[in-house]
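Take a look at the structure set out below.
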Amino acid sequence: MSMILKEIGDFTVNAFHKDNFTTVTKNDILGKWAVFFFYPADFTFVCPTELEDLQEKYQEFQALGCEIYAVSTDSHFVHKAWKDASERIKKLQYPMLADPTHALCIDFDVLIEKDGQAERGTFIINPEGKIAAYEISAGNVGRNAEELLRKVQALQFVAKHGDEVCPAKWQPGGETLKPSLDLVGIL
């Protein structure tokens, strides 16, 4: 079953952000775009490369009014320990959400029950708190922040220009399509 336009559930989780412990709630994400970037675990191999890649594009996400939330089933204390131990993770400026109770993993349907860890799930959330796009990747394959940024840009464009759609490989400023009502019957 598709999760597109599913409203995310209420939540309150601990987080590690800018060398502080804090909490993040559903109310904190409403009214702006957000990316929930689930990964299996801290102190692993592929995860730090993905999180560093996101950090390299973080200012571009911020310029779009989009916040990044990295999420694993580790506690906020483990997130801090990882940041203290890893040169890659020390660079992160976006919040790392702790989901040791698996509440977020269950709501986003990314929990690997036998491992107690998350799948590599990427979710773009619109300002109404609904899933606008998502992708689940194999645990041994890293994701690409540049493509994720392009998807956020396309979703924002379509949200603003509802009568236009973005074709494959669309980039900001590129040509869009305006579906003709005459063609709807053909599809």
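The values are calculated or read from the model by the stated rules, or taken from the named source; none is laboratory data. On a predicted model such as this, the values are computed, not experimentally measured, just so you know. Ideal geometry is used to build each Cβ from the backbone, glycine not excepted, and the neighbour counts take in all protein chains shown. We work out accessible area using only protein heavy atoms, side chains counted, and drop any ligands, DNA or RNA first. Shrake-Rupley method; radii C 1.70, N 1.55, O 1.52, S 1.80 Å.
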Here is a check on your reading of the model: is residue 143 closer than 28 Å to residue 77 by Cβ and in contact with a Ser or Thr (Cβ under 7 Å, 6 or more places away or on another chain)?
yes
Working carefully through the options 63, 98, 85, find the one that is in contact with a His (Cβ under 7 Å, 6 or more places away or on another chain) and either of a type in the set (Ser, Thr, Tyr) or farther than 19 Å from residue 5 by Cβ (or both).
98
When you scan segment 110-127, do you find a residue that is aromatic (Phe, Trp, Tyr) and within 19 Å of residue 15 (Cα to Cα), even just one?
yes
Of the criteria (1) assigned to a loop (DSSP other than H, G, I, E, B); (2) surrounded by 11 or more Cβ atoms within 10 Å (Cβ to Cβ), which one residue 168 fails:
(2)
Failed item in (1) closer than 21 Å to residue 159 by Cα; (2) surrounded by 14 or more Cβ atoms within 10 Å (Cβ to Cβ), with residue 15 passing the rest
(1)
Residues of segment 102-111 classified as outside any loop (DSSP other than H, G, I, E, B) and surrounded by 22 or more Cβ atoms within 10 Å (Cβ to Cβ), total
2
With respect to residue 36, determine if the residue is farther than 19 Å from residue 9 by Cα and aromatic (Phe, Trp, Tyr).
no
Got a number for residues in segment 119-143 being in a loop (DSSP other than H, G, I, E, B) and open to solvent by less than 70 Å² (accessible area, probe 1.4 Å)?
8
Would you point out which residue out of 128, 147 is among the acidic types (Asp, Glu) and within 21 Å of residue 57 (Cβ to Cβ)?
147
Residue list for segment 1-22, restricted to those being touching a Lys or Arg at 6+ places or on another chain (Cβ under 6 Å) and part of a strand (DSSP E or B):
7, 16
Would you pick out the residues in segment 38-76 that are open to solvent by 30 Å² or more (accessible area, probe 1.4 Å), hydrophobic (A, V, I, L, M, F, W, C) and in contact (Cβ under 8 Å) with a residue 40 or more places away in the chain?
43, 46, 64
Residue in segment 76-91 that is closer than 16 Å to residue 29 by Cβ and at pLDDT 95 or above present:
no
Counting only residues in segment 23-72 that are outside any strand (DSSP E or B) and of a type in the set (Ser, Thr, Tyr), the one nearest to residue 111 (Cα to Cα) is identified as 39
Those residues of segment 86-101 which are outside any loop (DSSP other than H, G, I, E, B) and either without any contact (Cβ under 8 Å) to a residue 40 or more places away in the chain or polar (S, T, N, Q) (or both) amount to 87, 90
